[in-house]
Amino acid sequence: MSKQPTAAIWLWLALAVFVLDIATKQLAEMLLVYAQPVEILPVLNFTLLYNPGAAFSFLADQSGWQRWFFTAIKLGVSIMLIVWITRLPRTLLWLPAALALILGGALGNLFDRVLFGHVIDFISVHWQNAYFPAFNLADSAISIGAVMMVVDVIRETWHDWRQRR
């Protein structure tokens, strides 16, 4: 069996995202009053909110079953991401970084959901009276990681297409 080094080193990035996410959420809990915005910039508020649903409060109005449903999904995805990252060659940079960002964010939100039954959100972006749904650092890491994965797929597709020409 080959002892090829793996990209498992990227699990440190996932851990850093997780720790930073939990720390900022706890700061938000300590420093903010629920649902009372604090203006940071004309387009940015810090507003402590709880989301018992998924992205954009999907299923937030349900009776509570969604807590365990989303917990199971996040746990399954997290395990899959750990396995995927550890099987990637260490020579890769972009894809394991993207997966580590997604993993760290997923674990941060999973932590909230298991401990509190909801995800703590506090970043509120808006333009005048049009508000984007509140989010947190975990959501940001997941979004950045997802965009990086799309870029990776496009880059690989472009490379393959150029090779066939």
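The values are calculated or read from the model by the stated rules, or taken from the named source; none is laboratory data. Everything quoted here is computed from the prediction, not taken from an experiment. Glycine gets a Cβ as well: all are built from the backbone with ideal geometry, and neighbour counts include every protein chain shown. The area values use the complete protein model at the heavy-atom level, side chains included, leaving out ligands, DNA and RNA. Shrake-Rupley method; radii C 1.70, N 1.55, O 1.52, S 1.80 Å.
Per the listing 73, 79, 85, the residue uniquely within 22 Å of residue 9 (Cβ to Cβ), among the β-branched types (Val, Ile, Thr) and without any contact (Cβ under 8 Å) to a residue 24 or more places away in the chain is 79.
I'd like to check something: does the stretch 111-133 contain any residue that is under 20 Å from residue 29 (Cβ atoms), open to solvent by less than 30 Å² (accessible area, probe 1.4 Å) and among the small types (Gly, Ala, Ser)? Yes, the stretch 111-133 contains at least one residue that is under 20 Å from residue 29 (Cβ atoms), open to solvent by less than 30 Å² (accessible area, probe 1.4 Å) and among the small types (Gly, Ala, Ser).
Each row is one residue, and each column tells you yes or no for (1) open to solvent by less than 40 Å² (accessible area, probe 1.4 Å); (2) part of a helix (DSSP H, G or I); (3) of a type outside the set (S, T, N, Q); (4) modelled with pLDDT of 95 or more.
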residue: 25; (1), (2), (3), (4): yes, yes, yes, yes
residue: 47; (1), (2), (3), (4): yes, no, no, yes
residue: 56; (1), (2), (3), (4): no, yes, yes, no
residue: 62; (1), (2), (3), (4): no, no, no, no
residue: 66; (1), (2), (3), (4): yes, yes, no, no
residue: 73; (1), (2), (3), (4): no, yes, yes, no
residue: 81; (1), (2), (3), (4): yes, yes, yes, yes
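Return the total of residues in the stretch 84-100 being part of a loop (DSSP other than H, G, I, E, B) and small (Gly, Ala, Ser).
Matching residues across the stretch 84-100 total 0.
Across the stretch 25-42, a minimum of one residue is classified as among the aromatic types (Phe, Trp, Tyr) and free of Cβ contacts under 8 Å to residues at least 24 places away in the same chain.
Tell me whether the stretch 31-40 contains one or more residues that are in contact with a helix residue (DSSP H, G or I) (Cβ under 8 Å, 6 or more places away or on another chain) and surrounded by fewer than 17 Cβ atoms within 10 Å (Cβ to Cβ). Looking through the stretch 31-40, none of the residues is in contact with a helix residue (DSSP H, G or I) (Cβ under 8 Å, 6 or more places away or on another chain) and surrounded by fewer than 17 Cβ atoms within 10 Å (Cβ to Cβ). With respect to (1) in a helix (DSSP H, G or I); (2) open to solvent by less than 40 Å² (accessible area, probe 1.4 Å); (3) more than 23 Å from residue 5 (Cβ to Cβ), the lone exception for residue 103 is condition (3). So, residue 138, is that one surrounded by fewer than 19 Cβ atoms within 10 Å (Cβ to Cβ), under 15 Å from the mean Cα position of the chain (by Cα) and small (Gly, Ala, Ser) or not? For residue 138, the condition - surrounded by fewer than 19 Cβ atoms within 10 Å (Cβ to Cβ), under 15 Å from the mean Cα position of the chain (by Cα) and small (Gly, Ala, Ser) - is not met. All of 134, 138 fail the test of being in contact (Cβ under 8 Å) with a residue 60 or more places away in the chain and closer than 24 Å to residue 82 by Cα, apart from 138.
Do you know which of the residues in the stretch 1-23 that are of a type outside the set (Ser, Thr, Tyr) and farther than 25 Å from residue 71 by Cα is most open to solvent (accessible area, probe 1.4 Å)? First the steps, then the outcome.
First, the residues of the stretch 1-23 that are of a type outside the set (Ser, Thr, Tyr): 1, 3-5, 7-23.
Retained after the next criterion (residues that are farther than 25 Å from residue 71 by Cα): 1, 3-5, 7, 9.
Values: 1: 225, 3: 184, 4: 110, 5: 76, 7: 1, 9: 83 Å².
Residue satisfying both the conditions and the ranking: 1.
Of all residue pairs spaced 6 or more apart or on separate chains, those with beta-carbon atoms under 8 Å, a first member in the stretch 153-165 that is open to solvent by 100 Å² or more (accessible area, probe 1.4 Å) and a second member that is not β-branched (Val, Ile, Thr) are 155/94.
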